[in-house]
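Before any comments, here is the structure.
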């Protein structure tokens, strides 16, 4: 049994919101769901949205839960950073100051050197696993 759509929306309203949207993904999602309100099958809506039936179901759940604004595409939050703000500040300062050859044993920072510096400075065990991404954020 398919998940029913909210009764307080209709095809015309979804198309109107789609026409005002600046987000192409939201427009595509709204038009596919508007087709369902117009008695199209979920398979036809999936073809309109160029997605699978499972994704159409996910869109219906988002529409039911949060309305048309729930269909705006967004960046996924991703995992929590392993570095605190003060770690990042210290790392940024180390990168900007550059290495001291007599102390750090290098004349320029490489990712692996910075990972080792972070481990020495903050007592971590596995900086090399996340160091590349974190260093890229600091230097990029």
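Quick notes on this one:
- Scanning segment 6-32 for residues that are assigned to a loop (DSSP other than H, G, I, E, B) and either without any contact (Cβ under 8 Å) to a residue 24 or more places away in the chain or under 11 Å from residue 71 (Cα atoms) (or both) yields 7, 8, 21, 22, 23.
- Scope segment 34-71; condition loosely packed, with under 14 Cβ neighbours inside 10 Å, within 25 Å of the chain's Cα centre (by Cα) and not in a helix (DSSP H, G or I); matching residues: 50, 52, 67
Each reported figure results from applying straightforward, stated rules to the coordinates on display, with no laboratory input. No experiment lies behind these values; they were computed from the predicted model shown. Glycine gets a Cβ as well: all are built from the backbone with ideal geometry, and neighbour counts include every protein chain shown.
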